[in-house]
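The values are calculated or read from the model by the stated rules, or taken from the named source; none is laboratory data. Note that the structure is predicted; figures quoted are calculated from it, not measured. Methodologically, a virtual Cβ is constructed for each residue, glycine included, from the backbone with ideal geometry; neighbour enumeration extends over all protein chains shown. In case anyone asks, the SASA skips ligands and DNA or RNA and just uses the protein heavy atoms, side chains included. Shrake-Rupley method; radii C 1.70, N 1.55, O 1.52, S 1.80 Å.
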Amino acid sequence: MIPIAKPLIGREEENAVLEVLRSGHVVQGKKVEQLEQEFARVCCTKYAIAVSNGTTALHSALAAMGVKPGDEVITSPFTFVASASCILMQGAKVVFADIKKDTFNIDPESVINKITEETKAIVPVDLYGQAYDYDAIKKIAEKNELFILEDACQAINASLNGKMCGSLGDMAAFSLYATKNVISGEGGIVTTDNEEFAEKLRRIRNHGQFERYDYGMLGYNYRMTDIIAAIGVEQMRKLNSFTDARIKNAEFFNKELSEVEGLRLPFIKPNAKHVYHQYTIVVEDSCKVSRDELVKHLRDKGIGCGIYYPKPLHLHPMYLKMGYKEGDFPVAEEMSKRVISLPVHPGLNDNDRKKIVQEIKNICL
Ligand SMILES: *Cc1c(COP(=O)(O)O)cnc(C)c1O
């Protein structure tokens, strides 16, 4: 079985965890600080604040922005649930905007149509590891005085026009979940250049405390432990080699699959560095088989492909109840029926790559 994702954990991570355990200081401390410095360095931001996971990173960022009941926040329906549920956690209204067919990222034109007096922020997602269209979205945000929270959970080390993902908004959220490009099991990071936001985030993750037992604002326990951070620090040392391996795997697929009729391969924007959290292709009508037939064939042959995402968020019960319905976001709906993601992680070997390509050709050619 070739899994769709595989955490690569070595002796370095094992030793780093042991070192923390033996030090007796297991809660948030030096290792967390070190991990924060690494993220700030890689993302070219002034600050990075570690939290317990990607979802709490998104939530604490919206809390720091002051998003509140009555506010509206615009995001994509074609993403992981947390990009939208973080908005509900602040009691605000989730307003979806459709995506673009080529990049799967939020469509600036669609965003413009969703802006009202109540709109407070936009949460664009760097889906699959490619930066969202920050130029267009930033213009919209500036004109309408909106904050941008970049959901960069899939995009560590990605960039567009030389600007790093994680620095493409007022704040950005990362996840270190076990399937992401760098992992710590669970873990999250918020990056920002804004000192006031950074200060608020440090309070929000620690019960809203200004000083110990001085609760200046509503906060949570969203802290990260040094045990977890130690894994993250070692993974960050391997970030470039992990990223290069993903890109190499993707280039192999691009070359080998280009001859297959009816498969649309990933579109890379000019000047973009795509880090292939997922290598996602679209099965067009002209393909010999349907998406679901292709998925079944690959899984039968021991290739763990994935569908991200099988149903857009607005068609889940929670959002249907708010009045969303089938047909609201035609591009997201169509893509959810056509996408398939192939294993592209750094754990693939030459045989794995060849087998994936061969099995696709066996059924599609
Ligand atoms: C993984 C992910 C999250 C959530 O991160 P967790 O660490 O699992 O909470 C949010 N948004 C996107 C786009 C993700 O891929």
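Using a cutoff of 8 angstrom between alpha carbon atoms and counting only pairs six or more residues apart, the relative contact order for the chain works out to 22 percent. Rounded to the nearest 0.05, what FRET efficiency do Gln358 and Tyr213 have when you use their Cβ-Cβ distance and R0 = 51 Å? For Gln358 and Tyr213, the calculated efficiency is 0.20. Dipole of the chain computed with +1 at Lys/Arg Cβ and -1 at Asp/Glu Cβ about the Cα centre; of Leu21, Gly129, His59, farthest Cα towards the positive end is Leu21.
The simple spin-label model puts a point 7 Å past each Cα toward its Cβ; for Lys101 and Glu293 those points are separated by 2.2 nm. Going by the alpha-carbon gyration tensor, a ≥ b ≥ c the square roots of its eigenvalues, is segment 99-210 rounded (a/c under 1.5) or, if a/c is not under 1.5, prolate (a/b greater than b/c) versus oblate? In terms of gyration-tensor shape, oblate.
Using the Cα gyration tensor of the chain, with a ≥ b ≥ c the square roots of its eigenvalues, what is the shape: rounded (a/c below 1.5), prolate (a/b larger than b/c) or oblate (neither)? Note, shape of the chain comes out oblate. Measuring with a 1.4 angstrom probe and ignoring ligands and nucleic acids, His25 comes out at about 90 Å² accessible. For segment 185-234, the square roots a ≥ b ≥ c of the C-alpha gyration tensor eigenvalues yield an a/c of 1.5 or more together with a/b not exceeding b/c, which makes the shape oblate.
Checking the cross-link pairs Lys6/Lys325; Lys30/Lys163; Lys46/Lys138; Lys143/Lys273; Lys93/Lys138; Lys325/Lys355 against a 30 Å limit on the alpha carbon distance flags Lys6/Lys325; Lys325/Lys355 as lying beyond it.
Computed packing ranks the peptides 46-54, 83-91, 162-170 as 46-54, 162-170, 83-91, most packed first, by mean other Cβ atoms within 10 Å. For the chain, a crude dipole built from +1 on the beta carbon of Lys and Arg and -1 on the beta carbon of Asp and Glu, taken about the Cα centre, is about 680 debye to the nearest 20.
Overall, the accessible surface of the chain at a probe of 1.4 angstrom is composed of carbon and sulfur to the extent of 50 percent. Projected label points at Glu109 and Glu256, each 7 Å from Cα along the beta carbon direction, are separated by 3.7 nanometres.
Please give me the summed charge of the neighbours of Gln34: other residues whose Cβ is under 13 Å from its Cβ, Lys and Arg +1, Asp and Glu -1.
Working: positive: Lys30, Lys31, Arg41, Arg237; negative: Glu19, Glu33, Glu36, Glu38, Asp226, Glu234.
Its environment carries a net charge of -2.
For the chain, what is the accessible area per residue in Å² when the probe is 1.4 Å?
43
Temperature 4 °C, viscosity 1.567 mPa s: under these conditions the Stokes-Einstein estimate for segment 204-328, based on its Kirkwood radius over C-alpha pairs, is 67 µm² per second.
Spatial offset of segment 250-268 relative to segment 285-343 amounts to 19 Å, using the alpha carbon center of each.
In summary, no helical segment of the chain meets the span-like criteria, namely a full DSSP H run, a Cα extent along the axis of 30 angstrom or more and a mean Kyte-Doolittle hydropathy of at least -0.5.
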